[in-house]
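Structure first, then comments.
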């Protein structure tokens, strides 16, 4: 079963790479464990966890990854935008940075600064 899932992910990644090449993009898939977007994940997760429940904030941030890779990236690639063209390794590291950001927002930032509002 795990092999089937790995093969399916690999096939989707290869299909996306072929589509990007066909559109004239010689952009490489982001395979970095840490990049500038890691900081973005920490900051957004921190802010969300500051103004809402940490569990809801983490859920939003974790659900963003498959949406980014499986939906937004191929959709935007059709219009010439390179977005979310990342590997599973990079997506998993982004989720780790989301966890760090939620922790910082919920247990550090909220302790010292009162949020201006609270959503959920």
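The values are calculated or read from the model by the stated rules, or taken from the named source; none is laboratory data. Remember, it's a predicted structure, so these values are computed and weren't measured experimentally. FYI the Cβ positions are ideal-geometry reconstructions off the backbone, even for glycines, and counts take in every protein chain you see.
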Reported set for segment 108-120 where residues are surrounded by 11 or more Cβ atoms within 10 Å (Cβ to Cβ) and within 17 Å of residue 59 (Cβ to Cβ) is 118
- Task: For segment 94-107, indicate whether the set of residues that are at pLDDT below 90, in a helix (DSSP H, G or I) and surrounded by fewer than 17 Cβ atoms within 10 Å (Cβ to Cβ) is non-empty.
- Result: no
Residues of segment 93-115 being in contact (Cβ under 8 Å) with a residue 12 or more places away in the chain and under 26 Å from residue 6 (Cβ atoms), in sequence order, are 93, 94, 95, 97, 98, 99
